[in-house]
Structure formats: C-alpha cells, structure tokens
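The structure appears below as structure tokens.
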Amino acid sequence: MMDKVSFTIDGLEVVVDNGTSVLEAALRNNIYIPHLCYHPDLEARGACRLCIVEIGGGELVTSCRMPVESGMVVKTKSPKIEKIIRPVVELLIADHHASCASCPSSSHCELQKLMAHLRIDRRRVRRLRLPKVKAPLDTTNPCFDYDPNKCVLCGICLQTCESIHRVSALYYVGRGYTTRIAFYGDKSRCESCRECVTRCPVGALISRKT
Amino acid sequence: MIKKQYSLTVCQGTGCISGGAEDIFSSLEDEIDRLNLGEGIRIKRTGCHGFCQRGPLVVVDPETSSGLFYSKVAPGDVSDIIQSFLPGGKPVERLFYRDPASSKPIPNYHDIPFYRKQERIVLRNCGHIDPEDIDDYLATGGYQALRKALFEMTPEQIIAEVKQSGLRGLGGAGFPAGRKWEATFRAGGNEKYVICNADEGDPGAFQDRSVLEADPHSVLEGMVIAGYAVGARRGFIYVRAEYPLAVKRLRIAITQARDKGFLGRDILGSGFGFDIEIFRGAGAFVCGESTALVLSIEGKRGMPKPLPRPRTAEVGLWGKPTLLNNVKTFANIPLIIVRGSEWFASRGTETSKGTAIFSLTGKVANCGLIEVPMGTRLREIIFDIGGGVPGGKAFKAVQTGGPSGGCIPASLLDMPVDFDSLTAAGSMMGSGGMVVMDEDTCMVDVARYFLDFTQRESCGQCIPCRVGTKQMFSVLDDITTGQGRPEDIDLLLELGESVAGTSLCALGQTAPNPVLTTIRYFRDEYEAHIHEKRCPAGVCQALVSKTPSLSKREGEGDK
C-alpha cells in the first residue's frame, strides 16, 4: 500500500497522503474549490453539491468524497462545471434573506467567499423569484439564536453535535423547501458547548450575549 | 336447479371497492343463498383486473365457464346476474362492455381489446385468484418455483438463470436484476437481507399496489427464492402506509405462507430458513430511493446517500449486504424459475426483456393497469388497449415515469417503449405511470403540477434540489398566472440543467424532466403564456378570463 499518491490538479502536480480527498488536497495546496458543507473536523457528506470537479475524461464528481488516485487529472474550473455550479450559488443567494452589512458573520462568511470567488452577478440573481415570507427566528436555545433565513442547511451544526460533542441535540425537520434545523426548544438536550455556532459557515447560528 | 358449475369472481381491488364492490359481493352472496344456488354458483373475491375504469367488475370465470365480463355493476344488477344462470336465463346485456367507437357490445373477457393486446406475466394471477386464500395461489402452480429452487438448483444456478433472463429492475432505474443478485451473493458475511420496495409514490401510479393486493404470494415467493439465492434469512417489504389493503393482504399472505411452511426456520424441510416482515413507510416519496429506504427501516430520516458510496448490495441495511428489488421484479421471479430464462428473454427488446407494466390514466377511454411486452409501441398502448382519447378530443402528449418523467408528444407515438427509448425521449420508465393528455391540457400547467410535487418531496439536504425545484416551481407558477418574464424559458432551461447535473440523488437529477421535455416539445405554449399572456388550452384561469372566478387550484397551496 502506497503512503503517498501524486496527481494533477489544474495543471499542478501534487503529492498527498493516500486517502486524502480531492477537496482536501486542493485546499492544502491553496486551490479553492467552492464548498459549504465540508468541514475539516467532520466526515464529508457531499450535501451542498458545490465542490463538483471534473476528473479524467470529463466525469463530474463531488471532490469532498472523492479520494485522490494516483495519476488522476483534476480540473476545478471548466465551462461544464461553471454552467451547473453558478446557478446553484445564485439560487442560494436569492434564497438568503439578509443584508451582509448588519450580519455578525460578515467578513468570515463562506457564502461571501463563494460569491467573491465566482464573481456573482446580482443581475443574474434578480432573474430568480425571491422568497416573499420571512421565517421567524428560533430563539428557544438559551445560548444562541437560529435564523432559518440565513441557514444554508449544510448540516455542519448537527454533524458537529453528533460526532464531536456526541449529544445530537439538533436535527433536520420538515421536507423540501421548508426543511429546517430543529432545536427542540425546552426539551433540548443541548449542553451549550457552542461548537455548532463556531462551525456555522454563515450567520445562521448567532451566539447570544447573556 | 343449475346443472353446471359456475364460478363468479368479484373484483375487490381498491378501485372497485371504492365503487361499491364489497356491497355487490355480499348482495350476490345473499341472492345465491336466498335462491339456494350455493351448489351451482361459486363466488370468489379477487384482486384487481386492471380495468378500473369499468369497475366494479363481476366476471364469470373465463377458464371454467363463459367468461362473461360485467362492468360497472351496481347492487341493483345483482338479481339479474344470478337469474342469468337459471334455466332459460339470459346474459345481462346492459352490463356488457361496449366498444367506445362502434358501441358494439363485447361480452367476453378475452375479446375485449383492453385485455386482448396485453401479455400478462407479472399480472398473471391478478383478477383470477383470491388474494386472501393461499390455496388459490397453489392451484395455479404457486410455490412450485420455490420447490424447484430449493431442491433442484444451487444459488449460483438461480442467479445465472436470473442473469440470463435479462430481467431489469422494474422500480425505475432498470438496473439488471441478476447483477444485483450476484453482487449480494458475492458480498461477504453471513448476515444479509432482502428488501422489497413497495414505496410506490408517483402520482398516478398504482401497479405495485395492485400486485400486492391481487397476488401477494407471487411477491413473497420471489423474495424467498431471492433470499435462498443470495444467502439472506430475513426479508422486509417496505410498503406505503397509504396502502392499507395491500398491507392487510400481505399480512394474511405471510401468515398463510408460514402455516404452509413456505416461510420460517426450515422451509419445506430444506434446512433453509427465511422470514418476511412488513415495514410501513411514513409517506415520503424520497424513501423509494434505495439508500433512503434503508435508512428509513433503520429508524432514521430518509435521506439518500451521495456517490461515491458502496452499493446497497455490499453495504445495505444495518451495514449488511442487502438485495433491494421492486414488487414487480420479485413477482417475475417464480415464472423465470419455473419456465426458464429463455422463455422470459424471448419477450421484449434487445436491451429490455420481459414485459412492462403501466398505470394508464388521464384522458384515455380505458384507464387501468396494463402489461405489455417491452417494445410495444406507445400508439398500441394508448389507442388499442387504452381505447384512445375520449370525447373526440385530440391526443396531445403522454407523461411517463411519474413526476420524474417527461412528456412525450404525438410525433413520437410510434416509438417502441422500453427503458432506453423512453430515456432517449427525455422521459423514463420510472415506476410505470402513464398519464395521457388531450388538447385541453396545458403543458405549462402540467410541468407546474409535477414540479410542485417534487419540490414538496425533496428531502431537503442538497441545495440544488431543495432550492432549485422550488425556484423552478415559482417561475412556472408565475408563468401560469400571467407573471412570466421574457427570460423565463432560458432561466428554466439553465436551472433545469443545473439541478439535473448537480443534485445528490435521482429525485433531483430527474425532477427537471417535466419542464425540460415540455419546453422541448411544446415551447410555443410557454411563449404564448409569457409573451401573449394567453393559455392556448384554456386551463390557466388567470389567463383565461379577467373576471374573478373560483380558481381550479384554490386551496392547493395549503395541502
């Protein structure tokens, strides 16, 4: 079994540990691939679908779950990727109720980073239908608020609670567009470790100053 | 007195029951008792005949007696039906099926075009046997395949037979069944499972339900054979909770099969043990996806797992190798074992063997459940079996494959129907829904309807499916209410390609199909809605008249 594998990403020859995912290998070599649900502390879930790259003869795969193989040729940018990924980010932005100016997560927000990276054109976003109703804030947790209007449902918070703090105090509820994270109000098992808040890539979980 | 023995079957499928078939059955029983004819007329409950449009159905058994087919029977007809068996009695002509074109009565089951053009393999017993009586199944040769499999064949031989038959999974994706069986067989470990997927959730599809209601033992038999072949000892049937009659009949069938030794620790003294449990789904469409279904049985939220991932055949239920097939796939197995793979493979096309089963609904004269060899032309299905579009209206399109399928226009009616041809036309076989549309159908409204379904049923975990299908629905809703914008067609195409290309599972990957195919084949209708604020079919209320009227869709939003 080889310990190291070498592969090519965007023309760059890179050597990484065997078992590294394409996304991790790229990030370690300062190549940014759009992503929201990936977090280095957690198992890759492939849920946000943004980290799609092209391998070999043009096959599209989610780079967070694709282990690097020896001799693999990866392209992180191509017209094919651009065509399908850009609309997904535009969809997210159209759906994201918030003005960055008043958001506490501004400047360390993964969505802002994505927008800058893809140079999102607001005119294209305006072709989409914006949500008409704003969902109420969930303020039932004693130490943080949850804003479903900013949540991208990356799942990092519940994965953190499940696999790092091992409490599983929060989970998905609902289906389709009305899917939310539930905190179970006064029945919550939350131990207020705030690990989920720390890892929220956007401004959906906000610590409350008590 | 009646000299001859007559056998009378009364359909007790969900469709006929809703038309009052239970009352008809008890009235027939009472009438037979009253006239003391119990010796001459046997009466039996059966499952669905498929011809739901004409229900409630009462058929004089075609195998043993006249084969007279009485349709749309009401309790008031019961006495006349019984009188017809008495000396000098005449068949009840007013209940005969009439040819929609010529109005000519067609008294006999086998002469009715709806049945004549079909080839019923999976539906072989549907409408003929009493689904609640295992002896009836045994009388048709039931469980002989199991005997043959257990005592004359090795698991390898069974798998080879299934592979050679060319049977493809009939749940939608069409994956070769034999390859799945082989992968599960080869996977290590001594704990394996067999799951039957009966989470049929497509609007307008009811073939899995009908098979379970009419012939549950054929599915059980297929599952036990599968268990023996792949090395599993436990099976699950994942069935929608919305199918109470199917669940009831499955329960009865499982109990009877256990009593007769076809299920249990030592089946027929072979030393092989296998048992089946029913698991009722909680009503999520996405749980028909294999990995979501497995999670659901494990008690977790049904969310599909992303690729790359190990196959369910290798890592399935509770991490163990699991064989997952659809109801109809299992129902095919006993026949393939008894009659052989060559017999099966002689039907169908080069790449799709056997038969296809469709729930034929919509603007078609003969709605119902049909089975035809793969490769049968759409035209034969819709016009010969289905009797064409009623009311002198023109055929416009047919939607196949449920909400994930596409709309196929009249220009493709001569297309032979199989897995690959449907995919090439932008649609799919899916679970076999087939909705016929006539000139009064608005194709934008159709796309809106199906997108409304998929956007509600998305599991919500991946962005393109959760937000993309909702966005596509909103755009379609705007177009049908006169708020379409000139750039909307391009926007829908762009979003459709993106949602299809990036979504995590088949639900999102196929959800844009109804939009993409209606734009491909009926773009002019979109243009009329957007540019002229006109609905050519006259369906979209906001574009038909400016006067306030009750919208067809009022109240739909709060379901």
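Structural remarks
- Considering residues of region B:477-512 that are facing chain A (nearest Cβ under 10 Å) and of a type in the set (A, V, I, L, M) only, the residue surrounded by the most Cβ atoms within 10 Å (Cβ to Cβ): B:499
- Being within 14 Å of another protein chain (Cβ to nearest Cβ), assigned to a loop (DSSP other than H, G, I, E, B) and crowded, with 19+ Cβ neighbours inside 10 Å is a description that applies to residue B:460.
- Some residue of region A:107-114 being more than 13 Å from chain B (Cβ to nearest Cβ), closer than 24 Å to residue B:306 by Cα and free of Cβ contacts under 8 Å to residues at least 60 places away in the same chain: no
- Qualifying residue in region A:115-126 (condition: assigned to a loop (DSSP other than H, G, I, E, B), within 30 Å of residue A:207 (Cα to Cα) and touching a Pro at 6+ places or on another chain (Cβ under 8 Å)): no
- Close Cβ contacts (under 7 Å, 6 or more residues apart or on different chains) running from residues in region A:60-83 that are touching a residue at least 12 places away in the same chain (Cβ under 8 Å) and at the interface with chain B (Cβ under 8 Å from one of its Cβ atoms) to residues that are surrounded by 14 or more Cβ atoms within 10 Å (Cβ to Cβ) and acidic (Asp, Glu) comprise A:60/A:54.
- When residues in region B:437-457 are screened for being surrounded by fewer than 24 Cβ atoms within 10 Å (Cβ to Cβ) and more than 8 Å from every other protein chain (Cβ to nearest Cβ), 9 of them pass.
- The combined condition, being more than 14 Å from chain B (Cβ to nearest Cβ) and assigned to a loop (DSSP other than H, G, I, E, B), is fulfilled by residue A:209.
To keep it simple, each residue is scored yes or no on (1) on the phi > 0 side of the Ramachandran plot; (2) out of contact with any Lys or Arg (no Cβ under 6 Å at 6 or more places or on another chain); (3) of a type in the set (Gly, Ala, Ser).
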position	(1), (2), (3)
B:461	no, yes, no
B:464	no, no, no
B:470	no, yes, no
B:476	no, no, no
B:480	no, no, no
B:483	no, yes, no
B:495	no, yes, no
B:501	no, yes, yes
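- Screening residue B:469 on (1) within 13 Å of chain A (Cβ to nearest Cβ); (2) touching a Gly at 6+ places or on another chain (Cβ under 8 Å); (3) farther than 30 Å from residue A:35 by Cβ shows it passes everything except condition (3).
- Among the conditions (1) within 11 Å of another protein chain (Cβ to nearest Cβ); (2) at pLDDT below 95, the only one that residue A:102 does not satisfy is (1).
- Of the residues A:198, A:160, the single one that is surrounded by fewer than 16 Cβ atoms within 10 Å (Cβ to Cβ) and in a helix (DSSP H, G or I) is A:198.
- Selected residue (only one of A:199, A:122, A:194, A:126 is at pLDDT 95 or above and either farther than 30 Å from residue B:283 by Cα or not assigned by TED's automatic domain parsing to the domain that holds residue A:32 (or both)): A:199
- Filtered residues of region A:131-173 (kept if aliphatic (A, V, I, L, M) and either touching a residue at least 24 places away in the same chain (Cβ under 8 Å) or assigned by TED's automatic domain parsing to the domain that holds residue A:36 (or both)): A:135, A:152, A:153, A:156, A:158, A:164, A:167, A:170
- Hits in region A:35-73 (condition: buried (at least 23 other Cβ atoms within 10 Å of the Cβ), farther than 13 Å from residue B:504 by Cβ and not aromatic (Phe, Trp, Tyr)): A:35, A:36, A:53, A:63, A:66, A:68
- If you go through region A:127-170 and keep only what is touching a Pro at 6+ places or on another chain (Cβ under 9 Å) and among the small types (Gly, Ala, Ser), you end up with just A:135.
The values are calculated or read from the model by the stated rules, or taken from the named source; none is laboratory data. Everything numeric in this text was worked out from a predicted model, so none of it was measured. Cβ coordinates were reconstructed from backbone atoms using ideal geometry, including for glycine residues, and neighbour counts include every protein chain displayed.
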